[in-house]
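Everything on this sheet refers to the single structure shown next.
The values are calculated or read from the model by the stated rules, or taken from the named source; none is laboratory data. Computed from a prediction, not measured in an experiment: that's the story for all the values here. All Cβ positions, glycine included, derive from the backbone under ideal geometry; neighbour counts span all protein chains shown.
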Amino acid sequence: MPLFALIADDKPNGLAHRMAVRPEHLDYLKSIADKLVFAGPFLDENKEACGSLVVIEAADRAEADRMFAADPYAINGVFRNSVVRPWSWGVNNPTGRGQS
């Protein structure tokens, strides 16, 4: 199954908003655990979360877009911008998922 990466930047000064929505976001990630490859925040110079990288398996781009749009961070306006891109895990792939 193909892999897709969500690369997102938070709105400026958005850490408090991110943290308020975080429990819902983590619950959502648990609900898609069978499709979730990995996820985590980008960090700023103060080592505080300022964006996200989420990689999922999806049948196609449309499914990936739907899954990312359902994330509470997206729904609640945490992100300033985001992009969804097909991704291939070519090096140090422990699972063999999504290799090209």
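Observations
- Residue satisfying all of: in the range 62-100; among the charged types (D, E, K, R) and in contact with a strand residue (DSSP E or B) (Cβ under 7 Å, 6 or more places away or on another chain); modelled with the lowest pLDDT among these: Arg97
- Total residues in the range 56-81, condition part of a strand (DSSP E or B) and within 10 Å of Leu6 (Cα to Cα): 1
- Residue count for the range 49-76, restricted to those that are loosely packed, with under 13 Cβ neighbours inside 10 Å and not basic (Lys, Arg): 5
- Test: residue in the range 26-36 that is part of a strand (DSSP E or B) and hydroxyl-bearing (Ser, Thr, Tyr): no
- Considering residues of the range 1-11 that are surrounded by fewer than 18 Cβ atoms within 10 Å (Cβ to Cβ) and at pLDDT 95 or above only, the residue nearest to Ser88 (Cα to Cα): Ile7
- When the criteria are applied in full, Leu53 meets the requirement of being out of contact with any helix residue (DSSP H, G or I) (no Cβ under 6 Å at 6 or more places or on another chain), among the aliphatic types (A, V, I, L, M), part of a strand (DSSP E or B) and modelled with pLDDT of 95 or more.
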